[in-house]
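Okay, structure first, notes after.
The values are calculated or read from the model by the stated rules, or taken from the named source; none is laboratory data. This structure is a prediction, so every number in the text was calculated from the model and none was measured. Cβ coordinates were reconstructed from backbone atoms using ideal geometry, including for glycine residues, and neighbour counts include every protein chain displayed.
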Amino acid sequence: MNGYTTPDLNHSALISIDVQNDFVLDDAPARIPGTLEAVSAMRKVIQSFRDSDLPVIHVIRLYMPDGSNVDLCRRAAVERGARIAIPESDGAELVASLKPNSDTRLNTQLLLSGGIQEVGDNEFVLFKPRWGAFYQTGLQDFLRGRGTNTLVFLGCNYPNCPRTSIYEASERDFRIMLVTDAISQLYPKGEEEMKNIGVTLCSSEGLDQLVRGSICKE
């Protein structure tokens, strides 16, 4: 860690990746092992950001039933009838315990058109059409417009969307943190890769203390 990569939590935002029912729940059609077990740690971090009035951004996937907007590696399965994160379905919704309130529902029409949905005080949802949270989205402009220089990542399936999103964030000169117990499918080589590009690794408990301590000092 150095002066360029040291997190600045007073100017940070939390990025939650793909924590949707269809990827998380035990009976989900695209369940990623280990994600459900990480939800309690995710909830702890999200709540610390809420309590500190720091931005929380849930980045999600939405797959059209005809497969027209689906990644090539999954398009054939969706065309054959697989129903994964279909707009307006319960499976596409954020996991209930991570929602800002029980009435929160995705505005899929807004999200698919490129809009950012506000779902709570300083809490938002954004749709990404591919692995990375910055690819063909307004995330970078949204963050820069709020003076954000540090991103904290958690969520579903480290090797795919979180990893890609972190590299995209690094390319855009954001300072980055990864919450190691609040993300699924993280492996030792992945942790080494992250450290090598200046990502700060931390636990949910450690981050909670850092966030609350940093904000209190401002």
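For (1) surrounded by fewer than 24 Cβ atoms within 10 Å (Cβ to Cβ); (2) within 17 Å of the chain's Cα centre (by Cα); (3) at pLDDT 95 or above; (4) among the hydrophobic types (A, V, I, L, M, F, W, C), each residue gets a yes or a no:
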position	(1), (2), (3), (4)
D8	yes, no, yes, no
D18	no, yes, yes, no
G34	yes, yes, yes, no
P55	yes, yes, yes, no
V59	no, yes, yes, yes
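Under 7 Å by Cβ, and 6 or more places apart or on different chains, what pairs join a residue from region 44-64 that is closer than 21 Å to N160 by Cα with one that is of a type in the set (K, R) and crowded, with 21+ Cβ neighbours inside 10 Å?
Matching pairs, first to second residue: V59/K128; R61/K128.
This table checks each residue for (1) more than 30 Å from R172 (Cβ to Cβ); (2) buried (at least 17 other Cβ atoms within 10 Å of the Cβ).
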residue	(1), (2)
L14	no, yes
A28	yes, yes
A77	yes, no
E88	yes, no
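Suppose we filter region 16-35 for residues that are out of contact with any helix residue (DSSP H, G or I) (no Cβ under 7 Å at 6 or more places or on another chain) and aliphatic (A, V, I, L, M); how many remain?
0
Return the total of residues in region 1-57 being in a loop (DSSP other than H, G, I, E, B) and either in contact with a strand residue (DSSP E or B) (Cβ under 9 Å, 6 or more places away or on another chain) or not acidic (D, E) (or both).
First, pick out the residues of region 1-57 that are in a loop (DSSP other than H, G, I, E, B): 1-8, 18-19, 25-34, 52-55.
Then keep just the ones that are either in contact with a strand residue (DSSP E or B) (Cβ under 9 Å, 6 or more places away or on another chain) or not acidic (D, E) (or both); that gives 1-8, 18-19, 25, 28-34, 52, 54-55.
Looking only at that region, the number is 21.
Given the condition touching a Gly at 6+ places or on another chain (Cβ under 6 Å) and at pLDDT 95 or above, answer yes or no: does some residue in region 165-177 qualify? Write out each step before concluding.
Going through region 165-177, the residues touching a Gly at 6+ places or on another chain (Cβ under 6 Å) turn out to be 165, 168.
Narrowing further to those that are at pLDDT 95 or above: 165, 168.
Yes: one or more hits.
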